[in-house]
Each structure stands twice: as C-alpha cells, then as structure tokens.
Amino acid sequence: MRTRIKICGIASREEAGTAISAGADALGFVSPMPGGTGTIPDATIAAIAADVPPPVATVLLTAETTAAAISDHVRRTRTTAVQIVTHIDPDEAARLAELEPAVRRIQVVHVEGPEALGLLAPYEPHVHAFLLDSGRPSLDATDLGGTGRTHDWTVSARIVAASARPVFLAGGLNARNVGEAIGSVRPFGVDLYSGVRTGTRLDRHKLADFVRAVGAGTNARERAA
C-alpha cells in the first residue's frame, strides 16, 4: 500500500503547485496559533485552497478547541479537511462530527509517552484519521507540533497497530530518516514541514528527495511483509 504524503505549512499558490507536482496527496495550511510556525491568514488559506484540484486534500490546521469554533474556522477557509492540533474534549469531537459531517477530521495525538495510546478510544468514533506529532502540551500549552523533533516511534508503532483509523506520522521527518520511520511505524501516511524547507521556503530539491525516500521506504516495507 502506498504511503500517503502530506506537506504542511503551504503558504502560497506557488508552494501548493510545487508540492502537488512532486506528488503530495494533501496540503496543510497553518492558521495563526500559539507557538505556530509558517502561519498564514485565514483569507490566504481560503484563496489557495480554492485552487487546489481534487483529489489532493486541503487541510486546515486549527488550534480551536470547541466544535462551534472549529466549524466556523473550517467554513471561513473552505478546506476539505481539518487537523485539530490539540487534545480537545472528545464530546467536542463528537459535536464537530455532527456539525461538519462532510469535512474529513484529523485528530492530532502528541506522543509524549505510552499514555498516548489511551487517547485513541475516546476519539475514534468521531474522526477519520489520527496524526502523531511531537508536541509537548503537558509541559507547554503552545508546544503543539512543527518542532522538527522526532518522538518515540515504538509508541507510534503501537498506536498504528491499535488504531481502527488511518494514522499519519509527523515530527522530525526528512529524506534521511523517513524510510526507517515507514519500516518501523508502518503509517498510512507521513507529514512534514521543516524537513522539506530551506529557511521558511519550500525547497523543491529536498521535496523531491523526500518523495523518492518515501517510495523506497514503502517498497522496502512491502518486501519485508
């Protein structure tokens, strides 16, 4: 099975086109949020997302924590999916599913330790996918990902094995380590920001290297299966 690729921090139509041409399956747009990097205004997200052709997914990253606020945010930006970057109340996740049934809902799980496994069951009935990241919200409420740090992939592999939903892996991925990550964790997809950038700009050469490495890692995983 092909490993999907989500490129986060898309900031312009040019970057969106570069990512799509390279083979990205989904584009992530970071809205203004505490501690966020690569953030852009909601109006810019809406303008870029409107030009993205299907089947490429457009994903709003939001730090809102209530169903009503998340729903309003999605409607302002008109993306096809929303990535909730903090651990919201599962009751709010259930309410969001009622408010936005047509929007794909991705719940971030920050893998601070084995206790992250306990977050699956409360969210699973209400989301379409999980994304495992390396934020540390228990230590700093503004540390919600985009750090360039890896986390304990053995915990991530346990989450993938236990989850009834597709799981994306994020956190410190790049062309050098993504093959190992795919082999160890066996995620549905991978997500990254800094690993394909030079400074703040999307680097087409790093992106091409990453896409090749994902393909090689996926092939190696399938041969080992």
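Dividing the summed helix terms, -39500 (n - 2.57) for each DSSP H run of n ≥ 4, by the number of residues in the chain produces a 222 nm estimate of -11000 deg cm²/dmol to the nearest 500.
Convex hull volume of the Cα atoms of the chain, normalised per residue: 108 Å³. Look at the alpha carbon pairs under 8 Å that are at least 6 residues apart: their mean separation over the length of the chain gives a relative contact order of 18 percent.
Length gain on complete extension for the stretch T200 to D72, per 0.36 nm per residue less the alpha carbon to alpha carbon distance?
Extra length from T200 to D72 when fully extended: 43.2 nm.
List the residues of region 11-48 whose backbone N lies under 11 Å from a point placed 7 Å from the Cα of A208 along the Cα-to-Cβ direction. Residues 22 qualify, since their backbone N sits under 11 Å from the label point.
Neighbours of I40, meaning other residues whose beta-carbon lies under 12 angstrom from its beta-carbon, give a summed charge of -1 when Lys and Arg score +1 and Asp and Glu score -1.
Count the DSSP beta bridges whose two residues both fall in region 18-172, then state the antiparallel fraction as a percent rounded to the nearest 5.
0
Bear in mind that the values in this text are calculations on the coordinates, not laboratory data. Keep in mind it's a predicted model, so treat the numbers as computed, not measured. All Cβ positions, glycine included, derive from the backbone under ideal geometry; neighbour counts span all protein chains shown.
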